[in-house]
Every structure is written in C-alpha cells, then in structure tokens.
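A.B. asks: Structure in structure tokens, see below.
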Amino acid sequence: MTPAWDETGWERLTARVGRRRLPAWDCTAGLVVGDDAALMIEAGASLREGAELRTQARTLLGPGRRVTHLALTHPHFDHVLGAAAFAGVQVFGAAGLDTALLKGRDELRADAVRHGLPPDAAAEATDLLVHPHHLVCGEWTLDLGGGTQALLANIGPGHTGYDLAVLVPGGPGAPEVVFCGDLVEESGEPQAGPDAMPSHWPAALDRLLDLGGPDALYVPGHGAVVDATFVRNQRDELARRFRVS
C-alpha cells in the first residue's frame, strides 16, 4: 500500500517516505513505510502530539497496521517527549541517549516549560519518558519489508552528543532521503545550546553528506527540505562561526 500523504497533511518525499512539520516548534516528524513494518522518526513534543502522530500514521498505513519502530534523533524535548504515546514500539537512539535522558530528565522538563509547553503536560511526558531499547554505535539497518530499508547512523556529536541520522535508500525514480535531526536547520540558524559540541559539528555534517550523497533530499529538524548544497553551506557557516576547519 502506498500512503495517501497529501490527504492527511503530510508532505510526500517518495512513495514510501513522508514527513510532517509539527505546529508550535516546527519540528519535523518522518514516516517510512515498508510492507511489513513502519518507522516513525521523532515522537513530538508532548504525549498529545505523539498520540496525534500515532493516529495519523495508522490512517496512512491502513487497517490493521501501526508504527513498529521509532527513531529519536537527539535528546531535546520537542523530539522525544511524545515517545510514550507509541506503546509497543521498538525505540532507537544514538549510543548514550538513554543515559542522557535519565540524567537530564529535570532539565528536559524545565526546557519544555521555558519554550511554552504547559507545566502539567511537560511533567506527565517526562514522568512517562520512554528510553531507547536499541542504542546505535555505528550503523543499524532496519528491513521494513517490500524492499524498503532505513539505515540509522550515529554521526554525531554535533548539535548534541547523541545525534542520530536516518537514511532511506533511493530506488528507480526515487532519491535517497536523509532525516538530519537538528544537525541541519532551514527555518533559522542552527541552535547551539549548552549540550552542543560546536568543534565537532562541521565534521558531523561531513559525515551526513557522505551518508546521503550529492543528490539526496535532506530533511532538517526544523524547516523545509533542502539539498546537499544547503547542507554544505551550513557546514561551512558553522565552521566559521565556531572557528573550526
């Protein structure tokens, strides 16, 4: 089954890959659909947003199907706090993400509230926070069935110490698609918070470009889909900004 992306407010990237820009913080969520399994990328900023993503995915996938895998690209509230809404799903993250979420639970809740999430919603989501079941040290390939695969790649540190990218290989008439997390941002300048590792960020983008290649669609954590030239230019801008090569 090919999802009817446009009928549900999702943006079609290929026949099997779509994404949605979520309201409030403009975080991107992605969905990769195989014949046997489906991968959601990012969980949303709250349990409500996660539940909405889960419901939309069921509509896209059709009767009797649901999301089976969830990839979290890094430990920021707008990407992870909806994870508990995906009951029974196998959760993946970069190596160390589990420890970062455990130790940073209070700051995660506080950061969500600072950015406008109601305190009760932030507290509920962090209390129920789901930690990754599978930690990716290098690369991990998921076979979703019907020839659809997703490659999870630990390419950080950069935006955080735990940056995971997702590559969906292309096929006849379909480009590679790379979900970048917040290593790449289109709607504004890349944000370097207290957990960023600026001196490593340009090298992480070099690895991202090696992963996707010159013709891939690059899906930033926030903003419109971009190409390799945009990523390369942002890499060079970050190198100048942080005075690294």
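A.B. asks: Enumerate the residues in segment 1-40 having an amide nitrogen under 11 Å from the point lying 7 Å beyond the Cα of ARG65 toward its Cβ.
C.D. replies: 1-4, 16-17, 32-39
A.B. asks: Determine the sum of side-chain charges near VAL244: Lys and Arg each +1, Asp and Glu each -1, restricted to other residues whose C-beta is under 14 angstrom from that of VAL244.
C.D. replies: Numbers: positive: ARG235, ARG240, ARG241, ARG243; negative: ASP206, ASP236, GLU237.
Neighbour charge sum, excluding VAL244 itself: +1.
A.B. asks: Here are a few candidate values for percent of Cα pairs over 27 Å apart: (1) 48; (2) 33; (3) 28. Which one was actually calculated from the structure I just gave you?
C.D. replies: (3)
A.B. asks: Say we join alpha carbon atoms closer than 10 Å with springs in a Gaussian network model of the chain; which of PRO75, PRO118, PRO202 then has the biggest fluctuation?
C.D. replies: PRO118
A.B. asks: Pairs of alpha-carbon atoms within less than 8 angstrom and 6+ residues apart define the contacts here; what relative contact order does segment 12-92 have, in percent?
C.D. replies: Numbers: 153 pairs, mean separation 23.1, N = 81.
Computed over segment 12-92, the figure is 28 percent.
A.B. asks: Which whole-percent values make up P(r) of segment 23-132 when all C-alpha to C-alpha distances are grouped in 10 Å steps starting at zero?
C.D. replies: Binned Cα distances yield the sequence 16, 50, 28, 6, 0.
A.B. asks: Where in segment 166-245 are there trypsin sites (Lys or Arg not before Pro) that are in a DSSP coil and have at most 12 other Cβ atoms within 10 angstrom of their Cβ?
C.D. replies: Details: sites: ARG207, ARG232, ARG235, ARG240, ARG241, ARG243; in loops: ARG243.
Listed in order of number, the matching sites are ARG243.
A.B. asks: Excluding TRP201 itself, calculate the net charge of residues whose Cβ lies under 14 Å from the Cβ of TRP201, where each Lys or Arg counts +1 and each Asp or Glu counts -1.
C.D. replies: -2
A.B. asks: Per residue, how much accessible surface does the chain expose to a 1.4 Å probe? Answer in Å², no decimals. Intermediate results must be reported in sequence, preceding the final value.
C.D. replies: Working: 10180 Å² over 245 residues.
Accessible area per residue: 42 Å².
A.B. asks: Quote the relative contact order of the chain in percent (integer), defining contacts as alpha-carbon pairs under 8 Å separated by 6+ residues.
C.D. replies: On the way: 546 pairs, mean separation 37.7, N = 245.
Normalised by residue count, the contact order of the chain is 15 percent.
A.B. asks: Which residue fluctuates the most in the chain, going by a Gaussian network model with Cα springs under 10 Å, if the choices are PHE77, PHE179, PHE230?
C.D. replies: Comparing PHE77, PHE179, PHE230 in a Gaussian network model of the chain, the most mobile one is PHE230.
A.B. asks: Here's another thing I want to ask about it. Nearest 500 deg cm²/dmol is fine: what mean residue ellipticity at 222 nm does the chain get from its DSSP H runs of n ≥ 4 alone, each adding -39,500 (n - 2.57), divided by its residue count?
C.D. replies: -8500 deg cm²/dmol
A.B. asks: Ok, one more. Taking the Cα centre of each part, how many Å lie between segment 38-77 and segment 135-173?
C.D. replies: Each part's Cα centre sits 17 Å from the other's.
A.B. asks: What does the charge count near ARG105 come to, summing +1 for each Lys or Arg and -1 for each Asp or Glu among other residues with Cβ under 12 Å from its Cβ?
C.D. replies: Combined, the nearby Lys, Arg, Asp and Glu give -3.
A.B. asks: Ignoring ligands, DNA and RNA, what percent of the 1.4 Å accessible area of segment 1-100 is carbon and sulfur?
C.D. replies: Result for segment 1-100: 47 percent of the exposed heavy-atom area is carbon or sulfur.
The values are calculated or read from the model by the stated rules, or taken from the named source; none is laboratory data. Quantities reported herein were computed from a predicted structural model and do not represent experimental measurements. Here Cβ is always computed from backbone atoms with ideal geometry, including for glycine, and neighbour counts include all displayed protein chains. Please note that ligands, DNA and RNA were not included when accessible areas were found on the heavy atoms of the full protein model with its side chains. Shrake-Rupley method; radii C 1.70, N 1.55, O 1.52, S 1.80 Å.
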